[in-house]
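Here's the structure, in structure tokens; my notes come after.
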Amino acid sequence: MTKYRAIKTDCDHGHTHDSRKEAARCNQLHDMEIDGAITDLRQQPSFAVNIGDSYICTYVADFEYRVQDCRIVEDVKGVRTAVFQLKRKLVEATHPGVVVTIYPPVRRKRRKAKKVAT
């Protein structure tokens, strides 16, 4: 168990994932690939971040796949850390055409209406 309480879990296809949520997403993506909705599914694709001649870091996503001609890089997140946000921006800036998506999508909380004193 990690500091975010993630438990390593195997998916139905024999891969070990860092969390139950990631294993469930792997199962969904494999089903989508079988149905023909996506192609070229890869696990743990890595992207080296270089600025000029300097190596900065390596970003390892959870999944990469194609929807028609669009390349999707996906990361399953329960907690969006500052390090993740920074690496995501660096990858998108140094690798043209790569957009890192987050699963599950961010849900915005609705604000409660303020009570008006009468």
* Asked: Mind checking whether some residue in segment 1-12 is hydrophobic (A, V, I, L, M, F, W, C), surrounded by fewer than 11 Cβ atoms within 10 Å (Cβ to Cβ) and assigned to a loop (DSSP other than H, G, I, E, B)?
  -> yes
* Quick check: anything in segment 24-35 of a type in the set (K, R) and either without any contact (Cβ under 8 Å) to a residue 40 or more places away in the chain or surrounded by fewer than 16 Cβ atoms within 10 Å (Cβ to Cβ) (or both)? -> no
* Which is touching a Pro at 6+ places or on another chain (Cβ under 9 Å) and either closer than 21 Å to R20 by Cβ or in contact (Cβ under 8 Å) with a residue 24 or more places away in the chain (or both), of V49, V79, V60, V67? -> V60
* Restricting attention to segment 32-63, which residues are of a type in the set (G, A, S) and not in a strand (DSSP E or B)? -> G36, A37, G52, A61
* To do: Would you mention how many residues in segment 13-31 are in a loop (DSSP other than H, G, I, E, B) and closer than 30 Å to A93 by Cβ?
  => 3
* Asked: Taking segment 42-84 on its own, how many of its residues are polar (S, T, N, Q), loosely packed, with under 12 Cβ neighbours inside 10 Å and within 13 Å of the chain's Cα centre (by Cα)?
  -> 3
* Taking T39 as meeting all but one of (1) more than 18 Å from T16 (Cβ to Cβ); (2) among the polar types (S, T, N, Q); (3) surrounded by 12 or more Cβ atoms within 10 Å (Cβ to Cβ), write down the number of the exception. => (3)
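Every number in this text was worked out from the coordinates using simple rules, so none of it is lab data. This structure is a prediction, so every number in the text was calculated from the model and none was measured. A quick note on method: Cβ atoms are made from the backbone with ideal geometry, for glycine too, and the neighbour counts reach across all protein chains shown.
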